[in-house]
Amino acid sequence: LFYGDLVNPVGLFKDEEHETSLNKYWGYAKQQGNSNKGSQEEKKFNAKRYSDLMSLSQPLVTEQIFQSFNFDKYSSILDVGGGKGTFAIRLAEVFKGEKIASLDLPDVCIEANKSISQAGVEGKVTAIPLDFFKNPVPVGYELITLIRVLYDHSDDNVRTILAAVKKSLPPAGSLLIAEPMSGIPGTEKMSDAYFGMYLLAMGKGVPRSHDKIHRLLRQAGFSSTRSLKVTLPIQTGLIVAKA
């Protein structure tokens, strides 16, 4: 679908209302933040379709995270925008702490609960149905993760998300951000060009540099931020921020 949209690249840049095949496919993206558009069945279908693809491609990112970040220092983890719970379920296999939760929209959490049950981790992983643009992020978690969440959103939405996360974290809490990031030498063709055009065709979001995300974190009030080294930066960038 994306390569089909690139047949008319000028249209992507010239007209903000230009309809693309990718934009139509990702009805979920268009509906987020506009709850009045689309029937309930359409929303459920689009949310499931989006979550299915994110779940299938999650291992590409997950393995980078586990190679570079130690989760054992935390007793509780909340994955915000966790989709079908794929990352939380994978975390349950290795995490020694007491509590793991995956937060996403109510329609998405229906699928997350199915995945959690199928994986047999109901006692360790909880799905929290919540729209974090309309409700406070739950408190009581030492670490919050945002796995491929921010790059789907505008700067204003990212500021809202980071402020909500900062407010929910305890004073010694941490935030882990993992997603494709731009501006890394040697990865420009993928992280800058491909993801930049993909998100443009999708109709929302933008790949950001490490420096840009660090600035947004500091604006949200986080006390310190640092980037972590990964083996495949073309796939994933990692940033840790202290509340």
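Residues in region 120-132 that are assigned to a loop (DSSP other than H, G, I, E, B) and either open to solvent by less than 70 Å² (accessible area, probe 1.4 Å) or of a type in the set (S, T, N, Q) (or both): 6 in all.
Say we look at region 84-102 and pick out the residues that are touching an Asp or Glu at 6+ places or on another chain (Cβ under 7 Å), free of Cβ contacts under 8 Å to residues at least 40 places away in the same chain and not hydroxyl-bearing (S, T, Y); which of these is most open to solvent (accessible area, probe 1.4 Å)? Of everything passing the filter in region 84-102, K96 is most open to solvent (accessible area, probe 1.4 Å). Taking the conditions exactly as written (touching a residue at least 40 places away in the same chain (Cβ under 8 Å) and more than 15 Å from the chain's Cα centre (by Cα)), does I110 satisfy them or not? Yes, satisfied. Condition check: open to solvent by less than 40 Å² (accessible area, probe 1.4 Å), closer than 21 Å to V80 by Cα and out of contact with any Cys (no Cβ under 8 Å at 6 or more places or on another chain). Does I184 satisfy that? For I184, the condition - open to solvent by less than 40 Å² (accessible area, probe 1.4 Å), closer than 21 Å to V80 by Cα and out of contact with any Cys (no Cβ under 8 Å at 6 or more places or on another chain) - is not met. Candidates are the residues of region 141-154 that are part of a loop (DSSP other than H, G, I, E, B) and hydroxyl-bearing (S, T, Y); the one that is most open to solvent (accessible area, probe 1.4 Å) is S154. Sort out which residues of region 202-229 are outside any helix (DSSP H, G or I) and among the hydrophobic types (A, V, I, L, M, F, W, C), and write them in order of number. If the condition is that a residue be outside any helix (DSSP H, G or I) and among the hydrophobic types (A, V, I, L, M, F, W, C), then V206, A220, F222, L228 are the ones that fit.
Of all residue pairs spaced 6 or more apart or on separate chains, those with beta-carbon atoms under 9 Å, a first member in region 69-83 that is in contact (Cβ under 8 Å) with a residue 60 or more places away in the chain and more than 22 Å from F133 (Cα to Cα) and a second member that is among the hydroxyl-bearing types (S, T, Y) and assigned to a strand (DSSP E or B) are Y74/S174. Against the numbered list (1) surrounded by fewer than 19 Cβ atoms within 10 Å (Cβ to Cβ); (2) within 13 Å of the chain's Cα centre (by Cα), A163 comes up short only at (2). Taking (1) outside any loop (DSSP other than H, G, I, E, B); (2) within 18 Å of T62 (Cβ to Cβ); (3) more than 17 Å from the chain's Cα centre (by Cα) in turn, L232 satisfies each apart from (1). Looking at K189, K212, which one is of a type outside the set (F, W, Y), over 14 Å from the mean Cα position of the chain (by Cα) and open to solvent by 60 Å² or more (accessible area, probe 1.4 Å)? Just a single option satisfies the conditions, and that option is K189. Under the condition of being open to solvent by less than 50 Å² (accessible area, probe 1.4 Å), part of a loop (DSSP other than H, G, I, E, B) and either at pLDDT 65 or above or among the β-branched types (V, I, T) (or both), the residues counted in region 6-39 number 2.
Under the condition of being in a loop (DSSP other than H, G, I, E, B) and either over 20 Å from A88 (Cα atoms) or without any contact (Cβ under 8 Å) to a residue 40 or more places away in the chain (or both), the residues counted in region 160-201 number 9. Against the test of being open to solvent by 50 Å² or more (accessible area, probe 1.4 Å) and touching a residue at least 24 places away in the same chain (Cβ under 8 Å), the options N157, N135 yield a single qualifying residue, N157.
The values are calculated or read from the model by the stated rules, or taken from the named source; none is laboratory data. In this text the structure is predicted, and so the values were computed from the model without any measurement. Ideal geometry is used to build each Cβ from the backbone, glycine not excepted, and the neighbour counts take in all protein chains shown. Each accessible area value is taken on the protein alone, full model and side chains, heavy atoms only, with ligands, DNA and RNA left out. Shrake-Rupley method; radii C 1.70, N 1.55, O 1.52, S 1.80 Å.
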